[in-house]
Amino acid sequence: SDVYKRQVSTQSTWGMSKKSQREISEEPAKENGLHSKPKKDHASMKIVFKSLSIIVICVILGIWSEISRFYSFSQAHGLRYWSYKEFFPAVIAMLLIFFYRYSAEYLLRGWIDKILDNVKYKGEERASHIKRMTKWVCDIIFYTLTTLFGYWVLWGTKYLPAELGGSGKCSASLESYPFQEDTPYIREYYLLQIGNHMFAFFDNLLFKRGERNFYEMMLHHILALSLTMMSFQLNLVHVGSIVLIIHDPGDIFLCISRFYSDSKCKKMSVLICIFILNLFVWIYLRLYVFPSCVIFYFFKTYFSFTPEAFSVFRFTVGLIIAKQVLLISMHIYWAVSYTHLTLPTIYSV
């Protein structure tokens, strides 16, 4: 029995040096993965994400007044721009998304409980995981609909690139900026996405403060919400809509892999295929298309502004570029983490 093993272990350490006893006592912890290093790594990453969140918020607040310069520039040149009043539909969308997600949690609870792994999750952990799986189902449905809506809005435009299945090119999304043509229903698509990011930000801030990855997700939500809001106000909706379409499919496959891995009827061969597909979609869209089709052309546009335009956009567009670079750094971090978690499962088959 375990009691007998502990007694034998205690007796076998008599007469040993303190160093030898400490080495023996540490062996079970090493075998079970109970090192202090992961805790230290998590604590250090928590500090990093918390510090970056504070820095990003301070920079955003300090530079937000620069948007008024864009309004003045737009009025002088007859450009379209959207003011703060335009965010009211996004607030309505946020409230509707809140209702959708929390009503779905109530309606899907019984079904999720039936398909959740009975061996892996029990008691309080099972109850919390039912909520988590319900969220994944809601995300799968929501991001599938937003992806379809986004393609419907952008299909046939000159700035939906071939990398995303379109007939346009990446450079067209910033072509002639800030003088850009209007696209039907792009405003509605954008405000829906802003509403979703508003929901994610406040949901994390108000209801998930005790979770392990709170500051990590807080930084992500701050970046996502500020990027969508600033790009909307600065009339960067063409390239912004491309960024949104790049990110949504990755969330679909990520939630599918998480949901399926925790169901009791899963098959390992199917799970491995989903893992590989999710990793491919994540790397292709977020680590290839995003930097090559968006960030690269942001840099190119930034350094091709006329002196008058540069005086207006040097801080705002520069901040957007900086936040995009920080966002792709998080994508790399998540890709490495996901690979680290899934490879042992694949190799064990």
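The values are calculated or read from the model by the stated rules, or taken from the named source; none is laboratory data. Fair warning: this is a prediction, and the values are worked out from it, not measured in the lab. Backbone-built Cβ (ideal geometry, glycine too); neighbour counts: all protein chains shown. For the accessible areas, the whole protein counts, side chains as well, though only heavy atoms, and no ligand, DNA or RNA atoms are used. Shrake-Rupley method; radii C 1.70, N 1.55, O 1.52, S 1.80 Å.
Here are the numbers:
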{"quantity": "Residues (β-branched (Val, Ile, Thr) and open to solvent by 70 Å² or more (accessible area, probe 1.4 Å)) located in the stretch 93-124", "calculated": "Val119"}
{"quantity": "Residues satisfying the stated conditions in the stretch 150-166, i.e. buried (at least 16 other Cβ atoms within 10 Å of the Cβ), of a type in the set (Gly, Ala, Ser) and either outside any loop (DSSP other than H, G, I, E, B) or on the phi > 0 side of the Ramachandran plot (or both)", "calculated": "Gly150"}
{"quantity": "Qualifying position, being in contact (Cβ under 8 Å) with a residue 24 or more places away in the chain, closer than 27 Å to His42 by Cβ, open to solvent by 20 Å² or more (accessible area, probe 1.4 Å) and not in a helix (DSSP H, G or I), among Arg258, Arg212", "calculated": "Arg212"}
{"quantity": "Residue match in the stretch 225-236 (condition: surrounded by fewer than 17 Cβ atoms within 10 Å (Cβ to Cβ) and modelled with pLDDT of 90 or more)", "calculated": "no"}
{"quantity": "Those residues of the stretch 261-281 which are of a type in the set (D, E, K, R) and either within 30 Å of Phe298 (Cα to Cα) or open to solvent by 20 Å² or more (accessible area, probe 1.4 Å) (or both), in sequence order", "calculated": "Lys264, Lys266, Lys267"}
{"quantity": "Whichever residue in the stretch 125-146 is open to solvent by 20 Å² or more (accessible area, probe 1.4 Å) and among the hydroxyl-bearing types (Ser, Thr, Tyr) and, among such residues, is farthest from Gln193 (Cα to Cα)", "calculated": "Ser128"}
{"quantity": "Among residues of the stretch 262-273, those that are assigned to a helix (DSSP H, G or I), in contact (Cβ under 8 Å) with a residue 40 or more places away in the chain and either in contact with a strand residue (DSSP E or B) (Cβ under 8 Å, 6 or more places away or on another chain) or not β-branched (Val, Ile, Thr) (or both), counted", "calculated": "3"}
